[in-house]
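The block underneath contains the structure these notes are about, expressed in structure tokens.
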Amino acid sequence: MRIRSWRLHLGRLLAAVLLLLVVGWISGYMLPVFVVAAFVYLGWHLYNSWNLHRWLATPQRPLPESKGIWADIFDRINGLQKQERRHRKQLEAVILEFRHATDAFPDATLVIDQNDIITWFNSAASELLGFKPTEDLGQPVTNLLRDPDFANWLAVQSQVKSTLEMISPIDSEVFLNVSAVQYREGQRLLIMRDVTNLRRLEQVRQDFVANVSHELRTPLTVLIGYLEVMQEQSTDSYSSAVTRMQDQAKQMQALLDDLLELSRLQNDTIETEEITVDVPALMAQVKEQAEEYSKGQHQLSFSVDPELHLKGVPQDLASVFRNLVVNAIRYTPEEGKIEAQWLEEDGLPVFLVRDNGVGIPKRDIPRLTERFYRVGSDRAKHTGGTGLGLSIVKHVLNAHQARLVIHSELGEGSEFRCEFPEQRLIRHKHQKAVSS
Ligand code: ADP
């Protein structure tokens, strides 16, 4: 309240009191004059506060008019009211802008609270997921998106911070990539992007690679057959050329086999059955293959917990163990030591291969599981590797929710460790430990 109007009001009040004193003194009715004046003054205040009260109850009525200090109070309220209307308009404009922006957003976006109840979604969510603003706000998101993988992912998402791919609930041809952002206490923003085209492109690429590999296999087998015949009959002058051709053809065959294996693993439409895998028996086969591959040039040692079995896909797990052991032999010079272990460590089933071979530079380690990635391309050329072994390993381990941990020192050796989740561990009692 402005000080000036109060001063004016007090000045006027003082003048009125002086006037009343004079009137009271002249008329000789000092007390009645003051009592009447006090009642008039009180009545004026009561009338104005009643007006204010009425207006506060129904603010859409015009603001009451008055004089003096009350005119100033009403003016002030009027100013505040205008300011509030201006702010509200600005806020409405911001909200409208936000709505337009989120509606133009091509990804389905929704907000869920700590109980997974939907508190807001944009219009793309209506198109991609079939959500209806009138019915679906306030519903648990898992009631509307009934994919069990989605419910499982949502439960652990805040810890694992991963994304999920799922099929749209209204169109089985549409693939969605789902990610989540945590904001404020318990609130999550779910963003669902249509990745159907990307998936199709990826499928075309996979089919192309699989078809080409398949088509090349038969002529290559014929070539290898003829090369064997030529090898037997070749004269000294052609013998080395035929041997080189044979080596190259076999390398190409290994590459086609790995490409076909990788596309089989990437194909989600092939159902693979998980069973209890007798890993100790699998390790015995891997040991035989390793001995054959090493040709007695390395010191191989296998340590296997005979009671430890695993829930998984046997041929895929065999491929992982074989790839890692063969790699260790391939990248370890003659007389080097290779140690493979199958054991339980801190409650987790673990497979590890350790060698004292050439080792891997630190900067290459994160990229080893990429397709065709090799450490120093010249090094791999003489090894007979395809550059796909560790991609296959990574794929199989992902499908088994397992972790691949690689430790290596250049010139010292490497350790490849596969840590499987506890839930996959199966113990078969009453057998003795095998170590060789
Ligand atoms: P490749 O068929 O060429 O062996 P992989 O995918 O199996 O392909 O391995 C990728 C690269 O990782 C290899 O080219 C090699 O340089 C490196 N590598 C894998 N295992 C080892 C190991 N035990 N010691 C040293 N280097 C390794």
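The values are calculated or read from the model by the stated rules, or taken from the named source; none is laboratory data. Being a predicted model, the structure only gives us computed values, none of them experimental. All Cβ positions, even for glycine, are placed from backbone atoms using ideal geometry, and neighbour counts span all protein chains on display. Protein only, heavy atoms only, side chains kept; ligands, DNA and RNA dropped before computing areas. Shrake-Rupley method; radii C 1.70, N 1.55, O 1.52, S 1.80 Å.
Assorted remarks:
- Close pairs (6 angstrom Cβ cut-off, 6 or more residues apart or separate chains): more than 12 Å from Arg264 (Cα to Cα) and of a type in the set (D, E, K, R) in the stretch 206-220, open to solvent by less than 80 Å² (accessible area, probe 1.4 Å) and assigned to a helix (DSSP H, G or I) anywhere: Arg217/Leu256
- The stretch 384-397, residues that are more than 6 Å from the ligand (Cβ to nearest atom) and modelled with pLDDT under 90: Gly384
- For Ala57, the criteria (1) open to solvent by 100 Å² or more (accessible area, probe 1.4 Å); (2) without any contact (Cβ under 8 Å) to a residue 40 or more places away in the chain hold in every case but one, which is (1).
- Evaluation of Arg374 against the conditions (1) surrounded by fewer than 19 Cβ atoms within 10 Å (Cβ to Cβ); (2) farther than 22 Å from Ala254 by Cβ shows that the sole unmet condition is (2).
- Test: Arg417 is more than 16 Å from the ligand (Cβ to nearest atom) and touching a His at 6+ places or on another chain (Cβ under 9 Å): no
- Scanning the stretch 156-173 for residues that are under 21 Å from Gln203 (Cα atoms) and either open to solvent by less than 60 Å² (accessible area, probe 1.4 Å) or part of a loop (DSSP other than H, G, I, E, B) (or both) gives Thr163, Leu164, Met166, Ser168, Asp171, Ser172, Glu173.
- Matching residues in the stretch 315-340 - criterion: being under 17 Å from Asn398 (Cβ atoms), open to solvent by 30 Å² or more (accessible area, probe 1.4 Å) and away from the ligand (no atom under 15 Å from the Cβ): Gln315
- Options Asp346, Asp364: the member that is under 36 Å from the mean Cα position of the chain (by Cα), within 12 Å of the ligand (Cβ to nearest atom) and free of Cβ contacts under 8 Å to residues at least 12 places away in the same chain: Asp364
- Scanning the stretch 44-78 for residues that are within 60 Å of the chain's Cα centre (by Cα), among the polar types (S, T, N, Q) and assigned to a loop (DSSP other than H, G, I, E, B) gives Thr58, Gln60.
- Scanning the stretch 197-224 for residues that are under 24 Å from Asn177 (Cβ atoms) and open to solvent by less than 80 Å² (accessible area, probe 1.4 Å) turns up Arg199, Glu202, Gln203, Gln206, Asp207, Val209, Ala210.
- Any hit, the stretch 116-124, residues being in a loop (DSSP other than H, G, I, E, B), farther than 19 Å from Val195 by Cβ, modelled with pLDDT of 90 or more and open to solvent by less than 40 Å² (accessible area, probe 1.4 Å): yes
- Restricting Leu227, Leu265, Leu176 to those that are free of Cβ contacts under 8 Å to residues at least 24 places away in the same chain, open to solvent by less than 40 Å² (accessible area, probe 1.4 Å) and touching a helix residue (DSSP H, G or I) at 6+ places or on another chain (Cβ under 8 Å) reduces the list to Leu227.
- Check on Asn48, open to solvent by less than 90 Å² (accessible area, probe 1.4 Å), over 30 Å from Ser168 (Cα atoms) and modelled with pLDDT under 90: no
- Residue within the stretch 17-30 that is under 60 Å from the mean Cα position of the chain (by Cα) and open to solvent by less than 70 Å² (accessible area, probe 1.4 Å) present: no
- Selection status of Val36, within 27 Å of Glu65 (Cα to Cα) and either open to solvent by less than 50 Å² (accessible area, probe 1.4 Å) or without any contact (Cβ under 8 Å) to a residue 40 or more places away in the chain (or both): yes
- Those residues of the stretch 64-104 which are open to solvent by 80 Å² or more (accessible area, probe 1.4 Å), charged (D, E, K, R) and farther than 27 Å from Gly43 by Cα, in sequence order: Lys82, Glu84, Arg85, Arg86, Arg88, Lys89, Glu92, Glu97, Arg99
- Test for Asn152: is it under 26 Å from Thr196 (Cβ atoms), under 25 Å from the mean Cα position of the chain (by Cα) and open to solvent by 90 Å² or more (accessible area, probe 1.4 Å): yes
- Filtering the stretch 268-281 to residues that are at pLDDT 85 or above and open to solvent by 50 Å² or more (accessible area, probe 1.4 Å) leaves Glu274, Ile275, Thr276, Asp278.
- Qualifying residue in the stretch 317-330 (condition: at pLDDT below 95 and either farther than 17 Å from Leu390 by Cα or in a loop (DSSP other than H, G, I, E, B) (or both)): no
- Counting residues in the stretch 341-363 that are basic (Lys, Arg), open to solvent by 30 Å² or more (accessible area, probe 1.4 Å), under 25 Å from Ala281 (Cα atoms) and not in a helix (DSSP H, G or I) gives one or more.
- Arg403 being more than 10 Å from the ligand (Cβ to nearest atom), open to solvent by 20 Å² or more (accessible area, probe 1.4 Å) and of a type in the set (Lys, Arg): yes
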